[in-house]
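**Q** Quick one: this structure, given as structure tokens, is what I'll be asking you about.
The values are calculated or read from the model by the stated rules, or taken from the named source; none is laboratory data. Only a predicted model underlies this, so the values are computations on that prediction, with no experimental measurement involved. Every residue, glycine among them, receives a Cβ derived from its backbone with ideal geometry; neighbour counts consider all protein chains shown.
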Amino acid sequence: MRKLLVLRVLARISGGIFKLITTKLIIGLVVSIVSNLNMKQPCKNCPFKNSVKFALSPEKAHNILQAITHDKAFHCHKTVDYSESSEGKVTPDSKLCFGAVLFLENTVAGGCRSNVMFRFGLMRQEFNISDLRQDENVYQSFDEFLSEVTY
């Protein structure tokens, strides 16, 4: 009788673990498929879109501009893992922010190709050279970005 009870408990536990693992695998697969798509547009609530109202500290906004103009990567907030920290963690599946790509196209000589990490993004085919353009839906200057996204 005791063995039967132990077996039932183990079956219940293992069934729950199986469901949890299966769910995580499915979610991971969906995220992987979506994140491997080439980006051609900034996401709906990209901080670089002038139609999106963001509230960043002045320090955070300056750090973002400093990063993207000094060969640092800036990843799309939808592909960063925020489960452990509000700062987020870049994962192997994280993609470069296409809004930042277009912002550089609008504001910097050489566009996104002036940033080494964004050139790597081109080589990894996260976006295509044919998708680069001046975009009026993205901030047109550093001053405009800073004045609109900071509180």
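**Q** Pull up the stretch 93-133, narrow it to residues that are closer than 24 Å to E148 by Cα and β-branched (V, I, T), then point me to the one that is surrounded by the most Cβ atoms within 10 Å (Cβ to Cβ).
**A** Among those that are closer than 24 Å to E148 by Cα and β-branched (V, I, T), it is V101.
**Q** Could you tell me how many of the residues in the stretch 47-92 are touching a His at 6+ places or on another chain (Cβ under 8 Å) and touching a residue at least 40 places away in the same chain (Cβ under 8 Å)?
**A** Residues flagged as touching a His at 6+ places or on another chain (Cβ under 8 Å) and touching a residue at least 40 places away in the same chain (Cβ under 8 Å) within the stretch 47-92 amount to 1.
**Q** If you scan the stretch 51-107, which residues turn out to be part of a loop (DSSP other than H, G, I, E, B) and either among the aliphatic types (A, V, I, L, M) or touching a Ser or Thr at 6+ places or on another chain (Cβ under 6 Å) (or both)?
**A** Listed by number, the residues that qualify are V52, A55, A73, V80, V90, D93, S94, K95.
**Q** Do you know which residues across the stretch 108-132 are within 20 Å of the chain's Cα centre (by Cα) and part of a loop (DSSP other than H, G, I, E, B)?
**A** Scanning the stretch 108-132 gives N115, R124, Q125, E126, F127, N128, L132.
**Q** Which one is nearest to the chain's Cα centre (by Cα), of the residues in the stretch 133-148 that are assigned to a helix (DSSP H, G or I) and touching a residue at least 24 places away in the same chain (Cβ under 8 Å)?
**A** The extreme case among them is F145.
**Q** Is there a residue being out of contact with any strand residue (DSSP E or B) (no Cβ under 7 Å at 6 or more places or on another chain), at pLDDT 60 or above and farther than 19 Å from N128 by Cβ anywhere in the stretch 27-44?
**A** Among the residues of the stretch 27-44, at least one is out of contact with any strand residue (DSSP E or B) (no Cβ under 7 Å at 6 or more places or on another chain), at pLDDT 60 or above and farther than 19 Å from N128 by Cβ, which makes the answer yes.
**Q** Let me ask something additional. Would you check if there is a residue in the stretch 93-112 being out of contact with any Pro (no Cβ under 7 Å at 6 or more places or on another chain), among the basic types (K, R) and in contact (Cβ under 8 Å) with a residue 24 or more places away in the chain?
**A** Among the residues of the stretch 93-112, at least one is out of contact with any Pro (no Cβ under 7 Å at 6 or more places or on another chain), among the basic types (K, R) and in contact (Cβ under 8 Å) with a residue 24 or more places away in the chain, which makes the answer yes.
**Q** Of the residues in the stretch 48-92, how many are surrounded by 15 or more Cβ atoms within 10 Å (Cβ to Cβ) and farther than 23 Å from Y139 by Cα?
**A** The qualifying residues number 1.
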